[in-house]
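Reviewing the structure listed below.
The values are calculated or read from the model by the stated rules, or taken from the named source; none is laboratory data. These figures come from a predicted structure and were not determined experimentally. We place every Cβ from the backbone using ideal geometry, glycine too, and count neighbours over all the protein chains shown. Quick note on the areas: whole protein, heavy atoms, side chains included, nothing else; ligands and nucleic acids left out. Shrake-Rupley method; radii C 1.70, N 1.55, O 1.52, S 1.80 Å.
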Amino acid sequence: MKLTKKNRQWLVAMALLLPVAASAQAPKKGNAHESLVKELTQKETTYGEAALKIWNFAELGYLEEKSSDLLQQLLANEGFTIQKGVAGIPTAFVASYGEGQPVIGILGEYDALPGLSQQAVPTRQPLTAGAAGHACGHHLFGVGSAAAAIAVKNWLVTTKQKGTIRFFGAPAEEGGSGKVYLVRAGLFKDVDAVLHWHPADSNSASPGSSLANISAKFRFSGISAHAAGAPERGRSALDGVEAMDYMVNMMREHVPSDARIHYVITQGGKAPNVVPDFAEVYYYVRHPRRDVVKDMWERIVKASEGAAMGTGTTVAHEIIGGTYELLPLESLAKVMYKNLKEIGGVTYSATEMEFAQTLQPSLALPEGSAPALTSAADILPYEYERTGMGSTDVGDVSWTVPTVGLRTATWVPGTAAHSWQAVAAGGTSIGRKGMMVAAKTIATTAVDLFLNPATLTEAKAELDQKRGKGFVYEALLGNRPPALDYRK
């Protein structure tokens, strides 16, 4: 083509138009973040109301029918395709939108804890004595994650970006190991990365691990008899439980210092004047390494067998849960941390500050150790954290697919999980604000992964390197079906 003056003018015009067309097809990341944050901010009240409904439902693991239905409806209304009752669990589901790769998954939980009912007030006042409460903030976890998934879906629609956003409705995290069954069922096989978060008393997105665990109920059977009239004819199942507990407590001197063993006697007989013919004790064993957990577990099983032999009873145990330690990936953690810093923490209103000031003394923290209430607005520095002292079934997911998470300040600074104080704050605007920080951080991180496939490639390589050659996933709870009645 001859380069005439007219042709030169045409080429200049096309050069000016091309960037505009390109930007229309692939918006800059900064603009994507702005639109996600704006949408989530506009819907904060709606999502807060949904979380409060689940807070009031306070349903235990595998019994979360209303909570699961609410989340399913929330996502279905936004055009997600819902698979109900996945992995043999009635309250588990998968909600998907889009098509093709990459597939970005977001985890959501929604089970409560027994015996921690509490009103949304800064003093101890149960809603219903002895009832369940959301002492780990899973009402916020479920709704916040769903909010992020919906925001990402809307971004996919607007930009015509190829890929799939997938929400995993994961029940019974508190001891039921719900996600383990989802992993075992192969539901993460085509997923490129998984994002999650958890309520806390501070904001952090540093990489860190957790404790692997195994839990089980040990059931002793004996012979009933009149405790005074014919005690020689009886064999006390409760004696078996207590003998086991005594031996395990002696074992504490001979396990690694970072191990944790807890138990509760769930059944110990009905009347003192009847030798109990049945008793049950519920055990948890934890350690940063699952191989150590397995070794400790074998010793505890032997203790139960010895206790039965010594008391003339019999014993059987049922594995209830078993989870891997978290496998952190810095390739993903750095992306999430950058976005958390961009979003920022939680700033209290005057009313929220008054609530926090009234509640914090009830935490009984050592003198001078209470965190500043304004620290809810801070983002903790990025660092490779030591192993956290809790356990989560996200661990099994993280050994299957590249996984990253964060924590946000949904509770008053200094609050411990599994406390009535956590339930109280989770039912207020303090919890809602922290939930929205998480939703915005997860949504922006998901979009970054859609726009930067190289990060996904790097994360997969890091996962393969950390798992080691020849890694094969085997659930710690074996092949048992979901323990759907463990809270009944």
Task: Positive dipole terminus of the range 414-469, leading residue within ILE442, ALA461, GLY431 (C-beta point charges) - done: GLY431
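Quick one: dipole size for the range 377-453, taken about the Cα centre, charges +1 on Lys/Arg Cβ and -1 on Asp/Glu Cβ, in debye to the nearest 20. Write out the running numbers ahead of the final one.
On the way: 5 positive and 6 negative charges, 62 e Å.
Dipole about the Cα centre, nearest 20: 300 debye.
With +1 assigned to the C-beta of every Lys and Arg and -1 to the C-beta of every Asp and Glu, and no other charges, what is the dipole magnitude of the range 337-488 about the Cα centre in debye, to the nearest 20? It would help to have the intermediate numbers written out before the result.
Details: 14 positive and 15 negative charges, 64 e Å.
In debye, rounded to 20, the range 337-488 gives about 300.
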TODO: Towards the positive end of the charge dipole of the chain, with charges on Cβ (+1 Lys, Arg; -1 Asp, Glu), say which of GLN360, LEU63, PRO272 has the farthest Cα.
DONE: LEU63
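For the chain, report the accessible area per residue in Å² (1.4 Å probe, heavy atoms, rounded to an integer). Present the calculation step by step, with values, prior to reporting the outcome.
Values: 21340 Å² over 488 residues.
Ligands and nucleic acids excluded, the figure is 44 Å² per residue.
Just to be sure I understand the rule: take each whole DSSP H helix in the chain, project its Cα atoms onto its long axis, keep it if the span is 18 Å or more and its mean Kyte-Doolittle hydropathy is at least -0.5. Which ones pass? Working shown, then result.
Values: long enough: 5-25 (31 Å, 0.40); 29-42 (20 Å, -0.95); 44-57 (20 Å, -0.26); 138-159 (31 Å, 0.85); 237-251 (21 Å, 0.51); 290-311 (31 Å, -0.35); 330-343 (19 Å, -0.31); 429-451 (33 Å, 0.84); 453-467 (21 Å, -1.09).
Long hydrophobic helices here: 5-25, 44-57, 138-159, 237-251, 290-311, 330-343, 429-451.
Using DSSP to define loop residues, name the GluC sites (Glu not before Pro) in the range 373-474 whose beta-carbon has at most 13 other beta-carbon atoms within 10 Å.
Working: sites: GLU383, GLU385, GLU458, GLU462, GLU474; in loops: GLU383, GLU385, GLU474.
Here the sparse-neighbourhood loop sites are GLU383, GLU474.
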- [ ] Please tell me the relative contact order of the chain in percent, rounded to the nearest whole number, where contacts are Cα pairs under 8 Å and at least six residues apart.
- [x] 22
Open item on the list: How far apart, in nanometres, would the label points at LYS460 and ASN77 be if each is projected 7 angstrom from Cα along the Cα-to-Cβ direction?
Closed with: 3.7
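Go through the range 333-406 and name the trypsin sites (Lys or Arg not before Pro) that are in a DSSP coil and have 16 or fewer other Cβ atoms within 10 Å of their Cβ. Mind showing how you got there, number by number?
Working: sites: LYS334, LYS338, LYS341, ARG386; in loops: ARG386.
Those satisfying the criteria are ARG386.
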Task: Residue among ALA149, PHE220, MET251 farthest towards the positive dipole end of the range 148-253, charges placed on Cβ - done: ALA149
Task: Net charge dipole size for the chain [Lys, Arg +1 and Asp, Glu -1 on Cβ; Debye, nearest 20] - done: 1880
TODO: Find how many whole Å separate the alpha carbon centroid of the range 198-238 from the alpha carbon centroid of the range 82-117.
DONE: 28
Task: Inter-label distance, nm, simple model (7 Å from Cα along the C-beta direction), THR358/LYS334 - done: 4.6
Task: the range 422-482-the range 251-314 distance, computed between alpha-carbon centres (Å) - done: 33
Task: the chain, accessible surface, carbon-and-sulfur percent (1.4 angstrom probe) - done: 54
Open item on the list: So the label point goes 7 Å from the Cα of GLU474 along Cα→C-beta, right? Which residues of the range 305-330 then have their backbone N under 18 Å from it?
Closed with: 319-325
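Among all stretches of the chain without exposed chymotrypsin sites (Phe, Trp or Tyr not before Pro) (DSSP loop, at most 16 other Cβ atoms within 10 Å), which one is longest? Can you show the working numbers first?
Working: sites that count: TYR384, PHE471, TYR473.
Between exposed loop sites, the widest span is 1-383.
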